[in-house]
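Down below is the structure, laid out as structure tokens.
Nothing in this text is a laboratory measurement; each read-out follows from the coordinates by a stated rule. On a predicted model such as this, the values are computed, not experimentally measured, just so you know. Cβ: placed from backbone, ideal geometry, glycine included. Neighbour counts: every protein chain shown.
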Amino acid sequence: MLNEIVFYVNDKKIVFNGNPLTRLIDVLREDLELTGVKEGCGEGECGACSVIKDGKLVTSCIIPVGAVNGSRIYTIEGIRDTEKGRCIIEAFAEGGAVQCGFCIPGMVMAAYALLSSNPHPSEMEIRKGISGNICRCTGYDLIVESIKLASEKGGELWA
Amino acid sequence: MPHTAIDDKVVRVDALVKARGEARYVSDMSFPDMQYAYMIRSSIPRGTIDSIRIPELPEGYWFISAKDIPEEGKNELWMIQKDWKCFAEGDVKYVGETIGLLVGPDRNMLSYLRDKIEIRYTEAEAAITIDEGLAVKGGPIVGEDNVMCSLFVEKGRPMEEVFREADSVFEETIETGFQEHVHLETNGAIITIEDGKYTFYASAQCPFYIRKAVAGLLGLQPEDIVVKQTTTGGAFGGKEHFPDVLCGPLLVAEHKIRKPIKLIFDREEDMLYSVKRHPAKVTYRTALDKDGNILGIDGVVVYNCGPYLSGSFVVLQRGVFHANGVYDIPNTHVKGIGIATNTFPSDAFRGFGAPQTLYAIETHMEHIAKKFGYDPAEYKSRYFIKQGGETITNGHIVEKVVLPEMMKQVVDASDYFRKSKEYAPGSGKGIGISFYNHGGAFTGNGEQAIIKAHARLVKTGEKVRIEVGSTEMGQGFQTSLRKIAAAALGISIDDVSYDNPDTSVVPDSGPTAASRSTMIVGRLIERCAEEMKERWEEGDFSVEKEYEHPEGHPWDQNTFRGDAYLGYGWGCCIVEVEVDKLTREVKVTGIWSSHDIGKAIDELIVHGQVNGGIVQSLGYASMEKMENRNGHFRQSSMSDYVIPTSMEFPKQEWFLVDNPYEWGPFGAKGMGELVFNGADAAYIDAVERALGTEIHRIPMPPEDLEEVLRNA
Amino acid sequence: MGMTYIPSTLGEALLLRAETGAHPLAGGSDLMVQSKRGIALAPEFPFPVMIITGLDELKGITLLDDGSVEIGALTTPAEIASSSVVPWHVREAASGMGAIALRNSATIGGNIGNASPKGDLPQPLILLDAEVVLISVHGERRMLLDDFILGSKKTALGDDEIIKSVVIPKHDFSYLFYRKIGMRRANAISKLSLSAAAVVKDDEIIDFRAASGAAGPKVIRSREAEAILKGHMREEIPALMDTFLEAWNNAISPHAMPLYRRNTTKRMLAYFLSAIHEGKEEGIIREDS
């Protein structure tokens, strides 16, 4: 039986002793002040709180912290200064993907997960890859283009 | 540093900070000793409050209500009228009306306390739908007949005369539903006291509106309140007047508590208890000759306003002024009625009343065309209004109208006429077309008479700071405005700054609404820059300008006659669909649009606005269903009120025409709302053709198409 | 409000379940949402809960000797969708479930245990006569998933049991059909779903089966309706069509959107049957092809 939950956020070891049902998003935003993780819906529908858990995209608002024992979690703060993270973020800026910006950190995480498993996705694969991330501003076309741009510019980075 | 030209490609100034997750939205902010607030709301649509039982509150917890408004204050939020109360007192008129604010340091405790509050009511019969409002169900909510606001406009000859000459009369009623904004960032605000002044940090379109709306609660003047806009995660009209409803109670609470207080809606609250787009019922009775030529249109436009006015009369006016679409109909008479009901008050939403009537007139025109065997595109194009043409309000179109050129762009790109012929009605394939416009800025002489916008440029060394009250909410204004200033000054965009407005620093530039920011505030900054450039060598100084109304635009706000708008944006959209024969699911296979926005200040930003506006409009037409049962919205989450994902619609093909506008900066006009105004009608036209049927309301998800086909 | 436990082993979990009645919580996609309380607040449950996400004993997909496939309760839809041994209907349903992030955290056990009529996985599993393996400190038992799910949000799970796995028997269908109609094209709850399958040999319909999701309090299968077709010849389909469709229509009981759900179900079944009647090439029947 676990009495404390140990996991890694952006490579930093976290030991959590509180209520295991605490939502992962609240640990990230409230305790660790990683406010790049956004709460858009609180029910795993919009993707604004997306993080990468053990290499896979998940929504942190529906995961209890008790379920991440032993996991490695990366948020936007953990990838934004990596080569891959910068590649996506700069492509988003260049490609006009950003409007109000509230969905964007989650969208960057989705793009990161997609390109990490599929370095050169087709337009349809990109659309599928971000279909869990809702954006109300852009109509998605320029986000899709920007991810394509990141795929092209990143080249070997994603291979 | 090279100077920035208006046509240079620039990187959006806020893109990197947002994509890196470093932008601070209001929910990301905290202050020492910050308290949290939960709103306590009515759970019935209509009735009187008999009692409010508050559990015993632990030390440091507060329940704030109307009783806490000091003697010198009044329980009212000053939007356009002062009818919307800050806290319900005695009676309640809609589900979700603010009754109190529960404030304290711990959200868990607040949540328990909230569940223990007991409010008893005597419930009255509520009027929810337009028809119930018109029928004065349960007795009047407003006046004697529930008519909250009304107007009529007429052009040409009297209707009786026109209808006497008609060979046939075609009448139909077209309805639109509620639409929820679903800005990804929910509503939220923080109040604190800074330098002895009540200071708000708010996700808002109009910081100056908040000041004005809430000051009277404490008997203060607007200048006594400071509003600092925080990075705003989408608004679409949903953060125009509505932040007043959060900030009012916060101010009353702050008056007592004097610690920072944070109020953030969760998604369920934002869905259930926020303003929506007005549902509409538009009836056209059209006099036709034997060949299907239009002799005149008699229209009635009814909008469901809820029980308080907020922006409804202005929304209704815009609806009426757009009720003839882009057409020069020789004789028109249109009456508009804003009806009071017991739904959550309806308010601003991108398009501001125009989308409802534009959808209706486009559908109506298309139905007439089909009845007489004409192609809708060809038929509609016969009536395009031209420069100098008389508008529905007896004014004139001032600018050159290039709709034929725009139509050619999309018709050619989509191969419209071939497909229009080839896709037989009911074949499962369809293509549809719509035309639309949007009057820029405030109605009539509102910019001059009401808003009187100011803007300022401040020069320090070689750097220039923009000081305006206009807000960035995702539409790209911080980039556009900096670009306008830089290009007019002949300096680099990097040497121009523009922070989120703080009402204690910047002049009031009017609300960030009505597609007026680029056209009006942008022009003001251009004028400031022109003067600053002349005087550049003078050292550090600032230039402030006030709005000047162009000559020769008569308007009478009492009779609604004259030039309703200073200029229009114009649009044309084609949508192609395939309807699944088994499931009635509609697959959009192509989207083409052309827009006349005068001149694009930044093409990439415009591209994003076009894409986003069209997708929002297609969502409105196809899937965004918000139902109200007995005053309660039935959709409360992003899983039951669905908005489009990246998989819904294909990549769009889009065009712009260059048609510089005389009074806009570098020739630019408004565009943020225009791009929402027409894809819905093109989509429904295409679906109608694919199914070989007529549709009279939106939204139209597959289950509603099933009903339409059964009743056909 | 109950206690929350995090067992480290399946044995611990079973003991906890027996002693405290703690409800298993796996991916969180149902329970965390149903009991959400808002921003910065942990969900609360009126019963004790055990978070079993870490129990490796309940993960993975195994091809058994008899050709059937066993899927551990904590296997995610993403893993199911990308497995080559999982039957097609189930892979289709798994790949269309929610959004990517949800498919990475939800579990098959949770989707079954939650017993929502709109759940994506029970529908094809019931079509395929899948069995659920239940485990407790007293041992294991197996039952048909169709019998395990009793109604909307109701199952036959014992107070001391948890779902261990799902076993899908081997089938060799000649024709297969699956459609989910969501509220939109991706990331959507099911509005209606249908799967169907048939075995046709020498023009005789040896087996015919269908399952309707979101068309009643639980997934609908009607053995009576299926029997109308079984044992008949391909060319008899037109003559039997109306009787079959009527029987199926009587079996489903959609409470919302009844017209749409009934008509669409009818059209899809008719389409599938017509394809068999016409002697289309064996395999997956899609509308476009």
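Miscellaneous remarks
- Looking at segment B:387-510 alone, DSSP beta bridges between its own residues are antiparallel in about 75 percent of cases.
- Going by neighbour counts of Cβ atoms within 10 Å, the residues B:HIS181, C:HIS232 line up, fewest first, as C:HIS232, B:HIS181.
- Selection from B:TYR198, B:ALA681, B:MET532 lying farthest towards where the dipole of chain B points positive, charges on Cβ: B:ALA681
- Label zone (C:ASP172, point 7 Å along Cα-to-C-beta; backbone nitrogen cut-off 15 Å) within segment C:269-289: C:283.
- DSSP-defined antiparallel bridges as percent of all bridges, the protein assembly as shown, nearest 5: 80
- Shielding value for A:87-97 is 5, the average number of Cβ atoms from other chains within 10 Å of each residue's Cβ.
- Here segment C:4-168 is described by how far its Cα atoms reach on the three principal axes: 42, 38, 29 Å, from widest to narrowest.
- Size of segment A:80-158: Rg and Dmax of its alpha carbons, in Å, are 10.9, 32.
- Highest-fluctuation residue, A:LYS56, A:LYS148, A:LYS12 considered, GNM on chain A with Cα pairs under 10 Å: A:LYS12
- FRET efficiency, 1/(1 + (r/R0)^6) with R0 51 Å, evaluated for B:LYS256 and B:PHE417 via beta carbons: 0.15
- Whether segment B:435-581 is rounded, prolate or oblate, judged on the alpha carbon gyration tensor where a/c under 1.5 counts as rounded: oblate
- 19 Å reach of a label modelled at B:MET109, 7 Å along Cα-to-Cβ, counting backbone N of segment B:246-266: B:253-254, B:256-264
- For chain B, relative contact order (Cα pairs under 8 Å, six or more residues apart, normalised by length) works out to 17 percent.
- Structure remark: mean-square fluctuation, Gaussian network model of chain C, C-alpha springs under 10 Å; the largest value among C:VAL49, C:VAL85, C:VAL33 belongs to C:VAL33.
- Restraint check, A:LYS56/B:LYS18; A:LYS56/A:LYS84; A:LYS38/A:LYS153, Cα-Cα greater than 19 Å: A:LYS56/B:LYS18; A:LYS38/A:LYS153
- Considering only C:ASP242, C:ASP146, C:ASP207, the mean-square fluctuation computed in a Gaussian network model of chain C, springs between alpha carbons under 10 angstrom, is largest for C:ASP242.
- Mean-position separation - Cα centroids, segment B:38-90 and segment B:641-710, in angstrom: 41
- Helical content of chain B, expressed as a calculated mean residue ellipticity at 222 nm, amounts to -7500 deg cm²/dmol (DSSP H runs of 4 or more residues, -39,500 (n - 2.57) each, divided by residue number, nearest 500).
- Dipole magnitude of chain A, debye to nearest 20 (Cβ charges: Lys/Arg +1, Asp/Glu -1, about Cα centre): 180
- As a calculated quantity, the FRET efficiency between B:PHE163 and B:ASP131 at R0 = 41 Å, using C-beta atoms, amounts to about 0.95.
- For the segment C:266-273, counting C-beta atoms of other chains within 10 Å of every residue's C-beta and taking the mean gives 2.
- Annotation for B:LYS408 and B:ASP8: the two label points, set 7 Å from Cα along the Cα-Cβ direction, are 3.5 nm apart.
- Taking Cα atoms only, the orientation of helix C:258-277 departs from the longest principal axis of chain C by about 60 degrees.
- Cut-off 19 Å, label 7 Å out along Cα→Cβ of C:ARG223, residues of segment C:107-139 by amide N: C:123-132
- Amide H to amide H distances under 5 Å link B:GLY47 with B:VAL92, B:ALA124, where only residues 5 or more positions off or on other chains count and H is placed in the peptide plane.
- Evaluating kT/(6 pi eta Rh) at 25 °C and 0.890 mPa s, with the Kirkwood radius of segment B:515-667 over Cα pairs in the Stokes-Einstein relation, gives 124 µm² s⁻¹.
- Within-15-Å neighbourhood charge of B:TYR36 [Cβ basis; K, R +1; D, E -1]: -3
- Orientation-averaged projection of segment B:174-273 equals 7.1 nm² [convex hull of Cα atoms, one quarter of hull surface area].
- Distance between the modelled labels on C:ALA270 and B:ASP195, one decimal in nanometres: 7.4 nm (7 Å Cα→Cβ projection).
- Computed from Cα positions, the angle between helix C:237-251 and the longest principal axis of chain C comes to roughly 30 degrees.
- With a 10 Å cut-off around each Cβ of B:607-616, the average count of Cβ atoms from other chains is 6.
- Alpha-carbon Rg/Rh ratio, for the protein assembly as shown, with Rh computed the Kirkwood way: 0.97
- Centre-to-centre separation between the Cα atoms of segment C:134-187 and those of segment B:444-515: 60 Å.
- Overall form of chain B per C-alpha gyration tensor (a/c, 1.5; a/b vs b/c): oblate
- Cα-based reach from B:LYS93 at 17 Å (exclusive), listing lysines while leaving out same-chain residues under 8 positions away: B:LYS82, B:LYS85, B:LYS137, B:LYS276
- For segment A:94-159 and segment B:183-200, distance of Cα centres in Å: 33
- Sequence-distant lysines (8 or more away, or on other chains) whose Cα lies within less than 24 Å of C:LYS266: B:LYS429, B:LYS581, B:LYS587, C:LYS118, C:LYS180, C:LYS191, C:LYS218, C:LYS230, C:LYS280
- Think of it as helices only: each DSSP H run of n ≥ 4 in chain C is worth -39500 (n - 2.57), and spread over all residues that comes to -9000 deg cm²/dmol at 222 nm.
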